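Below is one structure, written out as C-alpha cells; comments come after it.
Values quoted throughout were computed directly from the atomic coordinates according to the rules given, and no laboratory measurement underlies them. Given the structure is predicted, the values throughout are model-derived calculations rather than measurements. Here Cβ is always computed from backbone atoms with ideal geometry, including for glycine, and neighbour counts include all displayed protein chains.
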Amino acid sequence: MSSSALRAGLSPRFATPPAASGGVLEMITEEAGLTGPAHGELRVTPLVEEGAQVAHGAPVACLRHAPEICLTAPMAATVGAIRLGPGRRMGEIVFFRESGGGRHEHALDGALSEASLRRLMQGAGLWPLLQRRPFGNMPAPGERPAAIFVMGSDTRPFAPDPEVALNGSERVFGEGLDALCHLTDGPVIVCHSRAELPLGTKRAHEQVKTLRCGPRHPQGLAGMRIHSAFPAELDAPVWDIHAEDVAAIGALLETGLVPETRLIHVAGSALRESRFVRTQPGADLRGLTYGEVLPGPHMLMTGSPLDGREAHWLGTRDRQVTVMPRGPRRRGRHWFIEALTGSAMPRPIIPTSALTHAFGGGLPAAPLARALAAGDDETAMKLGALSLLEEDVALADYVLGGHGTLAGALRRMLDRTETEFAA
C-alpha cells in the first residue's frame, strides 16, 4: 500500500475516561446471551431445554437449514431462557453461570483436511465468527471463498488492538492461519498495522500474504481492505475474520477446546473509568459496567460509538462496549409539518475532503454516497459496494450528519441484490 493511502482516513474523537490501572481484567459475567445477527435472521433448532446444565463450548442450538452449524454455550451455565420468534427465528438464549461446570471437548480427527476442519469449526460454534461479503452473512457450510482476510488491525474508536489480543497466542494464531488455507484456493491476507508481523506459520510463503493498514479510520476495516486488495463479487465471495478468532481456531485444533474469553474495551463518556477486559462471548453489558457508570440516563452499546447498537449482550463479533449519556428526548413535530417540510428526494451529497477520507481514500466517495442515497444499485455495485457493510460507511454517515442514512441505504441495496441474486 502506498504511503499516501496509509495516511488516508480520519481520527474521530469521542470522550472516554482514562483506562483503569492494573492492566487487563478477567471478568466472566453472571449472565450471558446468544442472539441473532444485527441484520437478517437465524432460524434455529434448540438442542437443549430450559433448565439444562451445559458445559462451556457445548452445542445448544443448530441452524434449521444447516444443522451441522451449531451455536455453543459461552460459559458453563444453566440455560435460563430460550426465546424464539415465529418460524423459530433466533431471539436469544440466556445463560446463568454455574461454577465448576466444566468445558466441552470437541473430537479431533487425526489428519487435518478441509472436511474435518469445516466439521470441527461448525460443531464448535466458530463458524459464525466468519463473515462473508457481499451481504455480510455467515458463509454457507460448503462455501469456498475467493480469499480470506484476517483482521489484525482495527481503527474504530475505542477498539482494542488485535495484535495486543494475540500476545502469548502467536503459535496457535499460526496454526489457525494454516487451517484457513484449507478453506480457500485463494490468498489468506493478514491485515496489520505494524511494519512487521510474525506469522508463525509454515505456509507463509504460499497462500498467506500480509497487507499493511494505516492508523486512521477506516483503514483498519475489512471492507476497505477487501475493496483495495481483492474486491468481493456476487460469484466470488470473500470472507473476513478477526485475528483473535483465528487464534481460537488454532487452539481448538490443538486442544479440542474453545477459548473461554476474548479481549474487549469498555469505554465511553458515561463511565468513571474505561477498562480492558477479557470476558466471554455474549457477556452481559450491565455486568461489565456495574459500578462504573456515572449517574444519569445512559446507553449501553455493543460495538463502537460509530457503528454500535443498543443491546443487552455483547455481539457475536464485537470487541467493544460503549457507554454514552442519553440525551433528552426531542418532541416530534406534527405529521403535517413533517409532510410540508420533508422531502422524498435524498439530501445532496457535497464532495469534501472529509468525505473522501471517510471512505479511506480508496473509493469514489461522493458518487458512491449518491448512488446509495438514490437507490441506484447498479452504479453502487460498480463503485465497490459489494465489498462493504454498514460498519464501513458509518464514518461517512458521521461526517455527513446522516444518523445512519448511508448505512441503511447500503443494507437495503444489499438485501435487494441478495434477493435478486438468489432468485
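Figures for the structure shown
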quantity	calculated
Rounded to whole Hz, the Karplus (6.51, -1.76, 1.60) HN-Hα couplings of region 88-99, x for glycine and proline	6, 5, 5, x, 7, 10, 9, 10, 10, 4, 10, 5
Equivalent ellipsoid semi-axes - Cα gyration tensor, region 59-190, angstrom	26, 20, 18
Rg/Rg_ref, region 261-320, where Rg_ref = 2.2 N^0.38 Å and atoms are Cα	1.01
Projected label distance in nm at residue 21 and residue 420, using a 7 Å step from Cα toward the beta-carbon	6.0
Label point 7 Å beyond Cα of residue 353 along Cβ direction - residues of region 384-410 with amide nitrogen under 17 Å	399-400
Reference-scaled alpha-carbon Rg (2.2 N^0.38 Å with N residues) for region 132-276	1.06
Modelled FRET efficiency - R0 30 Å, residue 290 with residue 92, Cβ distances, 0.05 increments	0.90
Using alpha carbons only: equivalent-ellipsoid semi-axes of region 7-72, gyration tensor based, whole Å	35, 22, 10
Neighbourhood net charge (9 Å Cβ-Cβ; Lys/Arg +1, Asp/Glu -1) for residue 144	-3
Rg ratio (alpha-carbon, reference 2.2 N^0.38 Å) - the chain	0.97
Those trypsin sites (Lys or Arg not before Pro) in region 9-107 that DSSP places in a loop and that have at most 12 other beta carbons within 10 Å	13
Antiparallel bridges, percent of DSSP beta bridges restricted to the chain (to nearest 5)	65
